[in-house]
Amino acid sequence: AQSVTQLDSHVSVSEGTPVLLRCNYSSSYSPSLFWYVQHPNKGLQLLLKYTSAATLVKGINGFEAEFKKSETSFHLTKPSAHMSDAAEYFCVVRNAGKSTFGDGTTLTVKP
Amino acid sequence: SQTIHQWPATLVQPVGSPLSLECTVEGTSNPNLYWYRQAAGRGLQLLFYSVGIGQISSEVPQNLSASRPQDRQFILSSKKLLLSDSGFYLCAWSAQGNPREQFFGPGTRLTVL
C-alpha cells in the first residue's frame, strides 16, 4: 500500500519570496515521486520527477524538490515566487503501475 | 512528439442522461491509458486503466464504465448520470516501457444538474 500526504492545503506567499510545498509519502517499495501543477480548469503539467537517480531534482519554472528517504519526504521549493506560480500542486507517488495523488496544495502569490 | 486530446472540454448534463467522454493519444503506440476524476478541492482518484485494446480494469465501483475500442482511444461512459458524477475528468497515458511517468490531457469539466 502507498499513500501521500500534502501537509498544507493552502500556502500563501508574497511575490519574490521562497516557496515550500510539503509532501510526505509512504510506500512498501522504492517509489517514483512526481510533482504536478494544475492551473484553473486545466490538465496537469509535470513539474519534476524522482526516479531513483539524483536525490535533488530540478524541474521546470525554477522549481526543485529533494527526495529524503529517511524522512519519507519530497518537498517542493522555489527560491522566488512569481505571480504565474499561483495554481494547485499535486504530489504523486507511483509504484507497480499505480499512482496515488495527494489532495493538493493551493498556492496563492500576493503582489 | 506525443499529444493527448480530450473532448469535450466542458459539459453540462441533466441527471439520468447518458455520458460519453473521449480521449485520444497521438504519437505513440500501445500506451497504458487512465481515467481519473478530480472532485472539487481534492486529489485525483483513479477510475479505470487499460493496458491494451479491450482490456479495462476498474479501480472503484461506480456508475461509470470505460472502453478502449482502438489502441489510442479511451472512452468514459455512463448510461445514467448521477449528481455525484460531477467533477473534472482527466485522461492520462504512459508508455509501456516506462509506466512510471504519466502524461495528462487537458481535462473535461462535467456538471450534472
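Within a straight-line Cα-Cα reach of under 13 Å, A:Lys78 can be paired with the following aspartates and glutamates, leaving aside sequence neighbours fewer than 8 residues apart in one chain: A:Glu15, A:Glu64, A:Glu66.
The spacing between the range A:95-111 and the range B:1-52, judged by their C-alpha centroids, is 18 Å. Under 14 Å from a label point set 7 Å out along the Cα-to-Cβ vector of A:Thr51, the amide N atoms of the range A:1-36 belong to A:31-35. On association of chains A and B, roughly 1600 Å² of accessible area becomes buried (total for both chains; probe 1.4 Å). For A:Lys68, a cut-off of 16 angstrom between C-alpha atoms picks up these lysines, skipping any fewer than 8 places away in its own chain: A:Lys49, A:Lys58. One quarter of the surface of the convex hull around the alpha-carbon atoms of the protein assembly as shown equals 12.4 nm², the direction-averaged projected area.
Of the trypsin sites (Lys or Arg not before Pro) found in the range B:1-105, those in coil by DSSP whose Cβ has at most 14 other Cβ atoms within 10 Å are B:Arg42, B:Lys79, B:Lys80. Using a cutoff of 8 angstrom between alpha carbon atoms and counting only pairs six or more residues apart, the relative contact order for the range B:3-112 works out to 37 percent. The residues of chain B expose on average 47 square angstrom of accessible surface per residue, using a 1.4 Å probe on protein heavy atoms. Loop sites by DSSP among the GluC sites (Glu not before Pro) of chain A, restricted to those with at most 14 other Cβ atoms within 10 angstrom, leave A:16-70 as the longest stretch without any of them. When its C-alpha radius of gyration is set against 2.2 N^0.38 Å (N residues), chain A gives a value of 1.01.
Over the range A:2-110, Cα pairs under 8 Å with separation of 6+ residues give a relative contact order of 38 percent. What percentage of the solvent-accessible surface of the protein assembly as shown, computed with a 1.4 Å probe over protein heavy atoms, is contributed by carbon and sulfur atoms? Solvent-exposed carbon and sulfur of the protein assembly as shown make up 53 percent of the total. Projected label points at B:Ser57 and B:Ser20, each 7 Å from Cα along the beta carbon direction, are separated by 2.8 nanometres. Computed with every protein chain present, the accessible area of B:Ile56 is close to 60 Å² [probe 1.4 Å].
Shielding by partners for peptide A:42-48, expressed as the average number of C-beta atoms from other protein chains within 10 Å of each residue's C-beta, is 5. For the range A:18-75, trypsin sites (Lys or Arg not before Pro) meeting the loop criterion (DSSP other than H, G, I, E, B) and having at most 13 other Cβ atoms within 10 Å: A:Lys69. Scaled against the 2.2 N^0.38 Å expected of a compact globular protein of N residues, the Cα radius of gyration of the range B:3-112 reads 1.00.
The values are calculated or read from the model by the stated rules, or taken from the named source; none is laboratory data. Keep in mind the model is a prediction, meaning the values are calculated, not measured. Neighbour counts are summed over all protein chains in view; Cβ atoms, including those assigned to glycine, are modelled from backbone coordinates with ideal geometry. Surface areas here come from the heavy atoms of the whole protein model, side chains and all, with no ligands, DNA or RNA. Shrake-Rupley method; radii C 1.70, N 1.55, O 1.52, S 1.80 Å.
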